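Taking it in order: structure first as structure tokens, then the write-up.
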Amino acid sequence: MALQKGNTSEEFKKAIQIGRPPNIVQLFPNSNALIVSGKVIDRAMIEKGKAMTIAANGRNHFVIRGALKAAQRANAAIIIEIAKSEGGASAYCAVNFWNMARQVDAVCNELGITVPVAIHADHYGIKGDKDVETAKTEIPSLFDAGITSIAIDASHLPDDENLLANIALNPYLPKWAGYETEVGEIKGKEGLSTVDEALFLIKGLNAHDIFPDWIALNNGTTHGIEASDKGIQVSLTTEIHNALAKYKVSGAQHGTSGNNSERLRNIIQKTHTTKANVATALQMITWGVKVNEFGNALLDENGEFVKMADKGVTEGLWAEIVEYANKNGLKGGNYKKLNLPFENKMQGLPRDVRERMAKGVEDFVYELLVDVFNARDTAPLAIEAILKADSYDLVPKGSRVEDPARWTESLIHERASKLNVEKGAAGDFDD
């Protein structure tokens, strides 16, 4: 593919020279893939104004190929990500934290992808002290493998422990890396985040000279297949983002699949969101499952997924997938656990089938980037940010405004006990 408008040869060459972080340079010294920090992607969306890009969840190789081709068509900066449950030590996907950057780099060089791409470790879950200790070794290994951005997700913990976990793990993140934090536990309509919780987390981090690029909220989203039309609460998101404005933290929107285009446009227009996670819809599209314009998988009269004969995997492989799912009691959103056992079988399909699998993702993602997310032509803005900084390190957007003496560990516990919180019901929130 040729360079798109706005990415001149000289600008791109300069960005390749100075814009790739040290881990990427070491891993891929001869590469022409512009893999960058997540900070670069965030800044491009801010510069465009009222724009967010897709954080495409690469549950299989065909999602990665399709999303990258869509970004090239749209001339848009993009994020490829995988969550800890999907691609961590107990993964249910073949794509994982340690091979995702290698796949992205290979595809970019193969297809001539010239847009900036960040590699994001999403939902790096922390559920207790043991996880914190493991993370001190595991997080550096992720960056050794080419991760350029990470979400520390301790939102399952009480607010004080969430904050303290983020503080404890911050030294293990490169200063140049994109950094996302989470509050309120992502759990659909139950236990929505509050302004107090979000301010508590961001203020406490600020006092410790920690400046997240993004904050993810529980603002009414769910993960997996959205069955209702409740979806993202725009007014709540707006209220929280406005309260955080002086700290210059952008929003990361989780559970994007299942929300209609108008709601997503409202998120862009009324909030400071620059990153939108899309996972389940892309997985379903590669398989050939019919989804509506919102990314919801459609079901037939028997409650089974609708497989389109001329899309996705072959009919024979789909029958094998369904048989395996039935045998193992996998239904609905738990079809996600079919990624690992069937990745290699999908790779072994005829070329035309593999190409249509990626093409389905490409077309879906392109429409999101251009018609909904307002991300078209953000690739040159990302390159400009690199050239302006003359570095791969764009440094934090914010600066310290909080007094560290008021955010000691004992005072953090005391403050947390007085927060206005709504934790809601328990459930399965791994994704």
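Readers should treat all values here as calculations from the given coordinates under stated rules, not as data from a laboratory. Just so we're clear, the structure is a prediction, and the values are computed from it rather than from any experiment. Neighbour counts are summed over all protein chains in view; Cβ atoms, including those assigned to glycine, are modelled from backbone coordinates with ideal geometry.
Okay, here's what the table says:
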read-out: Given charges at Cβ of Lys, Arg, Asp, Glu: the chain dipole, positive-most of GLY204, SER9, THR237; value: SER9
read-out: Antiparallel DSSP beta bridges within the stretch 9-413, percent to nearest 5; value: 10
read-out: Mean ellipticity per residue at 222 nm, deg cm²/dmol - from DSSP H runs of n ≥ 4 across the chain, formula -39500 (n - 2.57); value: -13000 deg cm²/dmol
read-out: Set LYS48/LYS248; LYS39/LYS248; LYS127/LYS336; LYS39/LYS275; LYS246/LYS270 screened for pairs whose C-alpha atoms are more than 18 Å apart; value: LYS127/LYS336
read-out: Long-range HN-HN contacts of THR53 with modeled amide H, under 5 Å; value: LYS275, ALA276
read-out: Residues ASP377, ASP159, sorted so that the one with the fewest Cβ neighbours within 10 Å comes first; value: ASP377, ASP159
read-out: Sites GLU11 and LYS136, calculated FRET efficiency, Cβ-Cβ separation with R0 56 Å, nearest 0.05; value: 0.90
read-out: Simple Cβ-charge dipole of the chain, Lys/Arg +1 and Asp/Glu -1, about Cα centre, in debye nearest 20; value: 880
read-out: Full-stretch length increase - MET308, GLU355 - with 0.36 nm per residue and alpha-carbon distance subtracted; value: 15.4 nm
read-out: Rule-of-thumb Rg ratio for the stretch 9-413 [Cα; 2.2 N^0.38 Å; N residues]; value: 0.93
read-out: FRET efficiency, LYS345 to LEU387 (Cβ-Cβ, R0 45 Å, nearest 0.05); value: 0.55
read-out: Order of ASP390, ASP42 under a 10 Å beta carbon neighbour criterion, fewest first; value: ASP390, ASP42
read-out: Dipole in debye (nearest 20) - the stretch 234-342, about Cα centre, beta carbon charges: Lys, Arg +1; Asp, Glu -1; value: 680
read-out: Simple spin-label estimate for ASP363 and LYS327 in nanometres, 7 Å along Cα-Cβ; value: 3.3
read-out: Residues VAL395, VAL365, VAL183 arranged by fewest to most Cβ contacts within 10 Å; value: VAL395, VAL183, VAL365
